[in-house]
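Take a look at the structure below.
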Amino acid sequence: MTEGRLITIEGIDGSGKTTLAAALARTLHEQDGINTHLLREPGGVVLAEKIRDLVKDPSLHTGARAEALLYAAARAQLVEQAVLPLLAAGRWVLLDRYIDSSLAYQGAARGLGVKEVLAVNSFATGGLSPDRTLLLDIEPLEARKRLAKRGEETDRLEQEDNSFFEDVAGAYRQLAEREPDRFTVLDATSTREQLLDEARAALVALMPDSD
Ligand code: TYD
């Protein structure tokens, strides 16, 4: 049986996480014979999808602390109900956002404190840490242009101004600097092929016969 692995993908809204996650899952299957299980946050299991609807709803007044706790509650359920059983069964789990999102958005940009938000999330997840985190780095203005092109309705968080996303992007960079062994920073403006190659390369060391 292969060893379970947790890979997370992070970045600000419009950085292309979801597209990369899908392409990476396909490549790992076709090129390396690894069947990944793709999940997203907040969501992935029924309770967490319900919390997702709540936390993204622009019509609800949601304070920063409540917001942090809602994301943490969704994460706790996802980890218990889906991630841990998959890892125990030797599966690779590819997760579109995880704790680093809360550290960057709620801890840094909302000003709750990275250390404080980490404590809540360590409780929520029992301290489950990713084997590798891919950070899609992009200038917030560029990301905003991409979101505008998609033409979708913006959710409560996407309605924040540019300085909020500057804070989020800056916090992500700091998190990556603090844990260089876990993070791989990818330039989100690279071509799709290049991004995919670099993302896969960052995972080779985790593959079964790489050591
Ligand atoms: P996401 O699923 O990336 O949005 P979409 O599918 O609409 O592109 O994430 C939803 C929003 O939640 C996004 O603005 C980032 C935010 N978020 C946090 O602020 N903290 C968190 O812990 C997570 C997981 C997401």
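Just so you know, all these numbers are worked out from the coordinates, no wet-lab data involved. Since this is a predicted model, take the numbers as computed values, not measurements. Neighbour counts are summed over all protein chains in view; Cβ atoms, including those assigned to glycine, are modelled from backbone coordinates with ideal geometry.
Couple of notes before you dig in:
- Qualifying position, being surrounded by fewer than 23 Cβ atoms within 10 Å (Cβ to Cβ), within 16 Å of the ligand (Cβ to nearest atom) and of a type in the set (Ser, Thr, Tyr), among THR19, THR8: THR19
- Annotation: ALA74 fulfils all but one of (1) near the ligand (Cβ under 9 Å from one of its atoms); (2) among the aliphatic types (A, V, I, L, M); (3) under 24 Å from ASN162 (Cα atoms); the unmet one is (3).
- Condition met for ALA176 (part of a helix (DSSP H, G or I), surrounded by 18 or more Cβ atoms within 10 Å (Cβ to Cβ) and on the phi < 0 side of the Ramachandran plot): yes
- Screening ASN121 on (1) touching a residue at least 12 places away in the same chain (Cβ under 8 Å); (2) over 20 Å from TYR71 (Cβ atoms) shows it passes everything except condition (2).
- Of the residues in the range 36-43, at least one is among the hydrophobic types (A, V, I, L, M, F, W, C), surrounded by 15 or more Cβ atoms within 10 Å (Cβ to Cβ) and outside any helix (DSSP H, G or I).
- Unmet requirement for LEU95, which otherwise passes all of (1) surrounded by fewer than 18 Cβ atoms within 10 Å (Cβ to Cβ); (2) under 15 Å from the mean Cα position of the chain (by Cα); (3) closer than 19 Å to ARG182 by Cα: (1)
- Qualifying positions in the range 25-47 - more than 16 Å from the ligand (Cβ to nearest atom) and out of contact with any Ser or Thr (no Cβ under 6 Å at 6 or more places or on another chain): ARG26, THR27, HIS29, GLU30, GLN31, ASP32, GLY33, ILE34, ASN35, THR36, HIS37, VAL46
- From LEU136, LEU157, LEU103, residue being out of contact with any strand residue (DSSP E or B) (no Cβ under 7 Å at 6 or more places or on another chain), in contact (Cβ under 8 Å) with a residue 40 or more places away in the chain and under 29 Å from GLU3 (Cα atoms): LEU103
- Only a single criterion out of (1) surrounded by fewer than 19 Cβ atoms within 10 Å (Cβ to Cβ); (2) assigned to a helix (DSSP H, G or I) is not satisfied by PHE165, namely (1).
This table checks each residue for (1) loosely packed, with under 15 Cβ neighbours inside 10 Å; (2) of a type outside the set (Val, Ile, Thr).
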site: PHE123; (1), (2): yes, yes
site: GLY126; (1), (2): yes, yes
site: SER129; (1), (2): yes, yes
site: THR133; (1), (2): no, no
site: PHE183; (1), (2): no, yes
site: ASP187; (1), (2): yes, yes
